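J.: Dumping the structure here so I can ask a few things about it.
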């Protein structure tokens with residue numbers, strides 16, 4: 001794994017395994033049955049569309065929104081030394097991150113679809129949110145490199161802690177202790193904190209990418225070791241697909257690397273469509289909806305087709321256009337009032353000059369109402385928050 005591999009492959013270099021470095025070539029490779037052992041590697045980027053913030057994004061990331069917990073530094077919330085002395089900030093945060101608060105994304109359902117088709121060798125995830133599990137991926141197919149909320153135990157004696165008691169503690173923002181009276185140590189979910197070792201499961205399965213015939217990397221910066229080294233474990237002729245907002249690590253340095261630089265949900269939809277699986281994927285994702293999980297009938301509005309990003313943007317443009325039209329109409333009303341006001345003023349001046357005294361205003365009730373409306377309608381700060389809601393929306397963290 002030398003430095004040469006970190007350079008992007010020359011466009012003139014032909015692929016070894018795929019027909020071309022394209023999405024269609026990857027889909028053909030899968031359809032032909034040549035991808036039977038797929039390894040998937042994921043990070044926080046596959047969960048952001050579910051509403052869960054990632055950790056490191058400026059302003060919107062988890063670490064950037066922890067000031068309210070009065071921590072000495074943001075990462076302290078996941079520091080085992082700090083947790084021993086003050087576990088309450090973690091349990092305050094855990095109430096918002098705990099499984100059940102968020103719906104899996106269509107990317108999570110895509111991983112489950114690979115499993116249902118018998119193609120998923122293993123999922124390696126950096127995420128602690130358990131959304132892969134909620135999407136239907138079974139426990140034995142998941143390696144949670146940084147642990148998760150799926151299990152909890154005492155940090156002293158390592159005794160397991162009942163899930164129902166953990167749910168109760170997190171709901172109440174209380175700090176649970178070991179159920180063994182002779183121990184009474186602090187309990188936490190088996191999330192890997194700073195100062196703790198990665199799960200043994202990670203190291204036991206770390207060589208599996210070498211057995212894969214396709215690797216899919218999604219929603220990760222590949223900046224945290226040893227997880228970041230996993231894609232390099234794949235064989236030289238193994239196609240690797242990156243679905244991410246940007247190029248990361250040494251992805252793109254091999255002859256059979258395919259880069260889809262876009263958000264994960266869009267990317268998996270395109271890949272599923274190219275494989276002929278899109279309807280299956282949408283149906284599978286629909287099963288993760290709250291109404292479906294609770295056994296309720298499908299709401300009528302759920303029959304409406306999901307709008308594409310372009311359609312959503314058009315809706316926002318239409319909304320903005322309507323508001324501009326309203327503002328223009330308001331301007332016309334104000335202009336009418338101003339004309340009347342000037343006419344009245346001029347008439348009073350003329351009357352005064354002719355010695356007739358003051359003249360009663362000629363404004364009507366309608367124009368007065370428009371004036372009152374104009375006074376009440378003040379521009380909001382920023383002006384475009386209705387188009388870009390995240391400009392004013394504060395993170396839940």
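J.: Somewhere in the range 259-282, is a residue out of contact with any strand residue (DSSP E or B) (no Cβ under 8 Å at 6 or more places or on another chain) and at positive phi?
T.: Yes, there is a match, as at least one residue in the range 259-282 is out of contact with any strand residue (DSSP E or B) (no Cβ under 8 Å at 6 or more places or on another chain) and at positive phi.
J.: Hey, among the residues in the range 109-135 that are in contact with a strand residue (DSSP E or B) (Cβ under 7 Å, 6 or more places away or on another chain), assigned to a helix (DSSP H, G or I) and in contact (Cβ under 8 Å) with a residue 40 or more places away in the chain, which one's surrounded by the most Cβ atoms within 10 Å (Cβ to Cβ)?
T.: Going through the qualifying residues, I end up with 132.
J.: Scan the range 190-232 residue by residue and report those that are in contact with a strand residue (DSSP E or B) (Cβ under 7 Å, 6 or more places away or on another chain) and on the phi > 0 side of the Ramachandran plot.
T.: Those that are in contact with a strand residue (DSSP E or B) (Cβ under 7 Å, 6 or more places away or on another chain) and on the phi > 0 side of the Ramachandran plot: 195, 219.
J.: Exactly one of (1) closer than 20 Å to residue 46 by Cα; (2) without any contact (Cβ under 8 Å) to a residue 40 or more places away in the chain is unmet by residue 206. Its number?
T.: Here residue 206 meets the rest and fails (1).
J.: Could you check residue 188 against (1) buried (at least 17 other Cβ atoms within 10 Å of the Cβ); (2) under 23 Å from the mean Cα position of the chain (by Cα) and say which number it fails?
T.: Condition (2) is where residue 188 drops out.
J.: May I pose another question? Which numbered condition in (1) under 21 Å from residue 231 (Cα atoms); (2) part of a helix (DSSP H, G or I); (3) touching a helix residue (DSSP H, G or I) at 6+ places or on another chain (Cβ under 8 Å) is the only one that residue 140 fails?
T.: Among (1) under 21 Å from residue 231 (Cα atoms); (2) part of a helix (DSSP H, G or I); (3) touching a helix residue (DSSP H, G or I) at 6+ places or on another chain (Cβ under 8 Å), residue 140 violates only (3).
J.: For the range 204-300, which strands (runs of 3 or more DSSP E) that fit wholly inside it have 2 or more residues that are over 23 Å from residue 10 (Cβ atoms), assigned by TED's automatic domain parsing to the domain that holds residue 117 and modelled with pLDDT of 95 or more?
T.: 214-218
The values are calculated or read from the model by the stated rules, or taken from the named source; none is laboratory data. Since we're looking at a predicted model, the values are computed, not measured. Ideal geometry is used to build each Cβ from the backbone, glycine not excepted, and the neighbour counts take in all protein chains shown.
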